[in-house]
Structures are given as C-alpha cells and as structure tokens.
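Take a look at the structure below.
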Amino acid sequence: MSEQAKPAGKSWREINQERKALKRQRNEEKIIKREKRVALEREAETKVQEEIAREKKYAEISTVSIAIPGSILENAQSAELRTYLAGQIARAACVFCVDEVIVYDDVGEKLNTKKSKLGDGDGVVVARKSCVQLARILQYLECPQYLRKHFFPLHKDLEFAGLLNPLDAPHHLRMSNDFQFREGITMNKKTKPGRGSQVNVGLLQDISTDKLLNPGIRVTVKMLPTQEGGKKLKGKIVSLTTPRAETGVYWGYTVRIANNLSQVFTQSPYKDGYDLTIGTSDKGSPIEELPDKEVRYNHALIVFGGLHGIEAALESDEQLKAEEASLLFNHYINVLPNQGSRTIRTEEAVLITMAGLRNKLKANNEPMVFTGTGIAQSSSFPTSRPELSDSGTDNNLDLSRFD
C-alpha cells in the first residue's frame, strides 16, 4: 500500500491538525443532533403528559344531571302532545345547560306495557315504550341538524318531531359559522395508510382527522388551522367534554335510560357517582331553606317525579328498601310552596326547579364563561347599546343566527 501523498505546501503537522479539527467538528455535529433528538423526545413526552393532565382536568368539570320519568308521555292525550311534551323537556335542559338527561321508568312491571328498543353508544337498550320515545326525541333534538339523517331513520316516535321548536344550541353550527369545534360523523371512505378517518362536520367537504375509526360514529372534532395555500381541511378528534373545558361554550347533553329509580343512581357515567342528589316533591322542604351559593357539588343529580311523584317510583322499585323517598337524597325540596294549582306538571317543575336552584348551587369546578366568537349569539342585541348609525340601524347586529 503506497503512502498517502502529502498535499503541496502543507506540512504533515498542519494536515494532522486539520484532520483532528474536522473529526472534532463531526463529533460536535453528532452531539448536537443527539441533543436535538433527545429534546424532541422530551418535548413529545411533555405534550403527552400535558394532554393527559388536560383530559383529566376536563373530566373533573362539574356537571348537572336531571332525571325525568318516561311515564309523563302516557299522560298526554295525543301523539302530537306527547312529542311536544318531550320537546319542552329538551328545551328546558338546553336553556339551563344540563349535561345529562336520564329517562327512568317510575312504573316498573306492575302494568303490562309495551317494551321498545333504543340504540345508543353502548348498544341497544330495551325499556318501557314511553321511556324510549322520550329518550329518542331528546337525542333527536340534541343532534345537530346536518347529522340527523345519519343517526335517525324514519320512525313512528319521530313522526311529529318536525313541529318542535329547535334547541338552537351552540353546537348546532351552520355552514357559515367559523368555530374551532364541530360535531361530525365518521364516513365510510378509503384512506391512505397512516391517515385517520374522513369526517362529515356539516361543511362542503369532509375533513381528515388523526384517528381511524369505524364509519357511522358521532365524534367531536377540533378544527386545525389550514396551511397557507392548502385546500384540505384537517381536524383532531377530541372528547365530548373538550369544547366546554377549553372555551366554556355549552355543548349539549347526553341521554341515558334507567329501567327503575335505583339505576338512576347506580349507573352514573361518572367515576365517583353523584355527590349531590336533590329530589323534588310537594312533600319536601321549601327551597328557600337552602342557603344561597352554599350547596356545593362536583356532579349534581336532580330527580323529578311523574304524575304520582317520586314516592310512586320508590314503591315500584323492589331494589330500594328506603321507607321514605326523602331518605334517598341529600336534599328533598318543594320548589313552589303554596302553589295555586293542585298539581305542577313535570315539564313545569323542571323550569321552576332549575330557575330556583341557580342561586343555590355552587360548582366546585365551574366551566369558564364563553367569550369567544364563531357561533350564533344567544341574542341579536349586544349587552351594551352601541351608537346608532345615521340610518338608525345597529351595524353590530349578528345576522348569523338567521341563516
């Protein structure tokens, strides 16, 4: 092997110094690359931990649940009135930002009534026909309009649903609304390997997401900013509680069916159940006895009775051994003492109770107040009166809700 030729004009000492400097430079570059890789891994791990902590925080946001007996529909005189009654319950739940509506059977097996089936996220529930119809209408009204054709085929229970007043909830977004969260359905479309599902969120085109799910699933999507010059919409599938946790906007209610009064308590979707339970009855204590802003809760449950009250539901439930209905709750209240009518209908009791409890309850982890933009406002008139233009009209009038 011939000896390597020495470059002209350079001594071997200079050549060795240059080689050592080059080797040292390469080693430094390797160290920098390794440090960058470690930093990126740490950053990714930090993001994962922050995401876990954020999801945990979101799950801890205080919630309000109401329990309604399905038998109230059986007291209505016609199919149209049954539907309208369910619509009144849905409106009340939405107006007072209820997180969960439980439809329970307060009659039980005493009467040979027809059973019906209702599909939900956990499978198919078989329950009393009136309970299923109430739950189905509640789900129908809560669902954004552009998704209803996917989740609600023609059904006898929904025959007169078109007559109902819309909820006009914040998550019922129109195509013109530009909000960072939207409800959608996963579509049955082929995707490239490593890509997530295509989701219909009520826009002109479907959006690409980060997770590959079975088609036909309702999901909540966080819209990601589009790249400059890019045309494809992208989003991230998040939990149902994320929109309210991040922005404070009310994002609708969930519906579940309980086959008796005890299941209202035992089948709670929250890890530690309901820490505050309130029963409503004309036999309860006056609501005025509750201290203002002193009744604290993480997950509150408010139970309403049917035609014969909560006492009848307790009597028909063989699993509950309590002698009095008041023993089932932390508070057993009469929301309207000295009432003028002999009875208060359940749909009226929901409105009266929720209004009366607004100044009594205090959430341990209350959602932030929504101050963002992008959804139709709850009122067309701003809180502070702006100066009127020469034409006498308000230039800040929000017309998006009239789409």
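The values are calculated or read from the model by the stated rules, or taken from the named source; none is laboratory data. As the structure is a prediction and not an experimental result, all values here were calculated from the model. Counting neighbours? That spans all protein chains shown, and the Cβs are built from the backbone with ideal geometry, glycine included.
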**OP:** Among the residues of the range 132-176, write down those that are over 18 Å from the mean Cα position of the chain (by Cα), farther than 15 Å from Ile375 by Cβ and either in a helix (DSSP H, G or I) or not assigned by TED's automatic domain parsing to the domain that holds Ala90 (or both).
**Re:** Val132, Gln133, Leu134, Lys149, His150, Lys156, Asp157, Leu158, Ala161, Gly162, Leu163
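Just to be sure before I move on: is Leu154 of a type in the set (A, V, I, L, M), more than 23 Å from Arg244 (Cβ to Cβ), surrounded by fewer than 19 Cβ atoms within 10 Å (Cβ to Cβ) and free of Cβ contacts under 8 Å to residues at least 12 places away in the same chain in the structure I sent? Talk me through it step by step, then tell me what you get.
Details: of a type in the set (A, V, I, L, M): yes; more than 23 Å from Arg244 (Cβ to Cβ): yes; surrounded by fewer than 19 Cβ atoms within 10 Å (Cβ to Cβ): yes; free of Cβ contacts under 8 Å to residues at least 12 places away in the same chain: yes.
The answer is yes for Leu154.
Filter the range 224-245 for residues that are charged (D, E, K, R) and either more than 19 Å from Val199 (Cβ to Cβ) or at pLDDT 90 or above (or both); which is surrounded by the most Cβ atoms within 10 Å (Cβ to Cβ)?
Step by step, filter the range 224-245, then rank; the result is Arg244.
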**OP:** Please state which of the following conditions Arg256 fails to meet, knowing it meets all the rest: (1) modelled with pLDDT under 90; (2) within 25 Å of Ala135 (Cβ to Cβ); (3) not hydrophobic (A, V, I, L, M, F, W, C).
**Re:** (1)
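Table: residues versus (1) under 20 Å from the mean Cα position of the chain (by Cα); (2) more than 27 Å from Glu51 (Cα to Cα).
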| site | (1), (2) |
| --- | --- |
| Ser268 | yes, no |
| Lys271 | yes, no |
| Thr277 | no, yes |
| Thr280 | no, yes |
| Leu290 | no, yes |
| Tyr297 | yes, no |
| Ile302 | yes, yes |
| Gly305 | no, yes |
| His308 | no, yes |
Subject >> Filtered residues of the range 284-307 (kept if surrounded by 15 or more Cβ atoms within 10 Å (Cβ to Cβ) and either touching a helix residue (DSSP H, G or I) at 6+ places or on another chain (Cβ under 9 Å) or farther than 27 Å from Pro269 by Cβ (or both)) >> reply: Gly284, Ile287, Leu290, Val295, Ala300, Leu301, Ile302, Val303, Phe304, Gly305, Gly306, Leu307
Subject >> Sole exception among (1) at pLDDT below 95; (2) surrounded by 18 or more Cβ atoms within 10 Å (Cβ to Cβ); (3) closer than 22 Å to Asn365 by Cα; (4) touching a strand residue (DSSP E or B) at 6+ places or on another chain (Cβ under 8 Å) for Asp206, by number >> reply: (3)
**OP:** Only one of these is β-branched (Val, Ile, Thr), over 23 Å from Val107 (Cβ atoms) and free of Cβ contacts under 8 Å to residues at least 24 places away in the same chain: Thr254, Thr242, Thr247, Thr226. Name it.
**Re:** Thr226
Original post:
Could you say which residue among Lys47, Lys10 is outside the structural domain of Gly162 (by TED's automatic domain parsing), modelled with pLDDT under 90 and not in a helix (DSSP H, G or I)?
Top reply: Lys10
Original post:
Residues of the range 157-176 being polar (S, T, N, Q) and surrounded by 11 or more Cβ atoms within 10 Å (Cβ to Cβ), which ones?
Top reply: Asn165
**OP:** Name the one entry in Leu213, Leu203 that is farther than 29 Å from Cys97 by Cα, of a type in the set (A, V, I, L, M, F, W, C) and outside any helix (DSSP H, G or I).
**Re:** Leu213
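Give the number of residues within the range 347-376 that are in contact with a Gly (Cβ under 9 Å, 6 or more places away or on another chain) and modelled with pLDDT of 95 or more.
The total comes to 1.
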Subject >> Enumeration of residues in the range 177-199 that are buried (at least 18 other Cβ atoms within 10 Å of the Cβ) and either assigned to a strand (DSSP E or B) or among the acidic types (Asp, Glu) (or both) >> reply: Phe181, Arg182, Glu183, Gly184, Ile185, Thr186, Gln198, Val199
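Is it fair to say Pro386 is out of contact with any Pro (no Cβ under 6 Å at 6 or more places or on another chain) and at pLDDT below 65? Before the answer, list the steps.
Details: out of contact with any Pro (no Cβ under 6 Å at 6 or more places or on another chain): yes; at pLDDT below 65: yes.
Against the criterion (out of contact with any Pro (no Cβ under 6 Å at 6 or more places or on another chain) and at pLDDT below 65), Pro386 qualifies.
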Original post:
In the range 237-344, which strands (runs of 3 or more DSSP E) lie fully inside it and hold 1 or more residues that are within 27 Å of Ile137 (Cβ to Cβ)?
Top reply: 254-258, 276-286, 299-303
